[in-house]
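> Input: one structure, supplied below.
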Amino acid sequence: MSQTGRIVFGQMDEVIYGTPADVALADLVQRAGAQRVFLMVSGTLNRETDEIEKIRRALGNKCVGTFDKMPAHTPRAAVIAAAEQARADGADLIVTLGGGSITDAAKAVQLCLANDIRDTAALDRIKAPLPVAPPTVRQISIPTTLSAGEFSHISGVTNEATKTKEMFRHPGVMPKAVILDPHVTRHTPMWLFLSTGIRALDHCVEGVCSNESSPYGDAQALHGLSLLARGLPRVKADPADMAARLDCQIGAWLSMAPLSAGVPMGASHGIGYVLGAVFDIPHGHTSCIMLPAVMRWNRSANAAKQAAVAAAMGHPGKDASEVLDAFIRGLGMPRSLAEVKVGRENFDRIATQAMATPWVPRNPRPIPGPAEVMQILELAAG
C-alpha cells in the first residue's frame, strides 16, 4: 500500500541544549538584534532564586520589564495584564523562563500585541480558527518543566467565565528559539518535573498511537519515549543528575514532533483539558491519571502501535497500559480520579465537555458521544 502524508514544519529557528541559559540567551538576543527584551518568568524563581537575575545580567540594559504573576492554566485576565505591560514597555522580544503556563501565555501575548487585543472579551476575536494577524514580537523560551508547549504553535488559555481551555493558534507564535538548560530545572518541584515528564510521555504515546501518525513523528516520539522512560526514574533517584535531566528535556522536545507536524492527540489530552480547566488539576497529573485508561480502552483499535510503545519503554511483549500504569506508579504520581478528588458525580459534565475538545473526536478508537468518554472515566475512577 502506498503511503501519503504531509508534514508541517514550525517556524522555530533553533534549539540550544546543554549550554547555560544566560550564555545562550545573550548570544541569541544579539543575533536577533533585539533592543527591548520583556521577561515573562516564574514568580517563585524570581523571588527565591538567582536564575532570573542571571538572565537580567546577561541582557544588561536591553531588559525593559518583567512579568512574574502568571497563574497555572494561563487565565485570560493574566494574559491581558502581561500583554499590556509588554506593550507599555515597548517590547521587541519576549523571553520566558518557567513552566508551560508561562510559555503558553507568551504565545498568546504575541497575538494580543499583533492584533491590538486589550481586554479579555476581545480575545474572542483571535480564538481559533478565526484568522489573525501574525506576531511581530517573537519569543524565546527557557522551559523549567517537561510539558514541551514551547515546541507548539498552539497556546492554551483558560476562559475563567466558562471554565474552558481555549486554543489560540498561529504558526508564528512558535518560539523562534528554545534553550534547554538542565540546571534551571533544579528548582522545579520534583512532583512537577516528573508529572510534566509524563505529560511529554503522553505526547509521545498519543502521537505514535494516532490513526494519523507519520514515520517522521513516530521516529522522534519513540526515541523521546525511551529517553523519558530511562531519564525520569534517574532524576527521581538522584535530583542532581544533570545528564538525566537533559535526557528528559530532549525527550520532551522529541515528544512534540507528531503534534507540531500536525498529528492529532487523543482522548487523554482531550479529557485532560477538561480536568485542568474545570477542576484545576495540573496537566501533568491529568496525563498520569488518564493515559493508561485511554490506552486500555483503545487497545482493540491499535494493538500493534501499543506494542511499539511498550517496546520503546523497555518492555517488549507487555501490555502498554499496564507498562504505563506501573511506570507512573513507580514515580509516585496519582493514578486515579479519586486520588485528585474527582468523583463519579462529575463524570457526565466531564464527558459532555470533552466532546467539544479538539482531540476526543480524533481519538484512534472512535468516540461518537459522551457515553464512550464515560467508559474511559470509569477505567480511571479508582
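> Can you list the lysines whose alpha carbon sits under 16 Å from that of Lys305, skipping same-chain ones fewer than 8 residues off?
Counting by Cα, and skipping residues close in sequence, Lys305 has these lysines nearby: Lys318.
> In deg cm²/dmol, rounded to 500, what helix-only [θ] at 222 nm does the chain give when every DSSP H run of at least 4 residues adds -39500 (n - 2.57) and the total is split over its residues?
The helix contribution divided over the chain gives -15000 deg cm²/dmol.
> Mind telling me which of Thr162, Thr352, Thr19 comes out most flexible in a GNM of the chain, alpha-carbon contacts under 10 Å?
Highest fluctuation among the options: Thr162.
> Have a look at the DSSP beta bridges in segment 14-183 and tell me what percent are antiparallel, nearest 5.
Counting DSSP beta bridges with both partners in segment 14-183, the antiparallel share is about 20 percent.
> Where does each of Glu150, Glu166 land when they are ranked from fewest to most other beta-carbon atoms within 10 angstrom?
In order of increasing Cβ crowding within 10 Å: Glu166, Glu150.
> Let me ask you something else. Provide the gained length on full extension for the span Arg329 to Ala381, in nm with one decimal, where the gain is 0.36 nm per separating residue minus the Cα-Cα distance.
Difference between extended and current length: 17.2 nm.
> Turning to a different aspect of this structure: Hey, what did segment 136-213 get for relative contact order, percent, Cα under 8 Å, at least 6 apart?
Relative contact order here is 37 percent.
> Also: As a footprinting exposure proxy, order His153, His283 by other Cβ within 10 Å, with the fewest listed first.
Lowest count first: His153, His283.
> Now for a different question. For the chain, what's the relative contact order in percent, using C-alpha pairs closer than 8 Å and at least 6 residues apart?
Relative contact order comes out at 15 percent.
> Report, in whole Å, the centroid distance computed from the Cα atoms of segment 303-361 and segment 26-103.
Centre-to-centre (Cα) distance: 34 Å.
> Let me ask something additional. With springs only between Cα atoms under 10 Å apart, run a GNM on the chain and tell me which of Val41, Val23, Val173 wobbles the most.
In the Gaussian network model the winner is Val23.
> Say we join alpha carbon atoms closer than 10 Å with springs in a Gaussian network model of the chain; which of Gln249, Gln35, Gln139 then has the biggest fluctuation?
The residue with the greatest mean-square fluctuation here is Gln35.
> Right, another one. Would you work out which of Ala237, Gln249, Val263 lies farthest towards the positive end of the dipole of segment 198-280? Charges go on Cβ: Lys and Arg +1, Asp and Glu -1.
Sorting the options by dipole projection puts first Ala237.
> Any idea what the relative contact order of segment 190-380 is, in percent, if you count C-alpha pairs under 8 Å spaced at least 6 apart?
That works out to 26 percent.
> Given labels modelled 7 Å from the Cα in the Cβ direction, how far is it in nm from Lys163 to Arg57?
About 4.6 nm, to one decimal.
Each reported figure results from applying straightforward, stated rules to the coordinates on display, with no laboratory input. Fair warning: this is a prediction, and the values are worked out from it, not measured in the lab. As a convention, Cβ positions derive from the backbone with ideal geometry for all residues, glycine included, and neighbour counts pool all protein chains shown.
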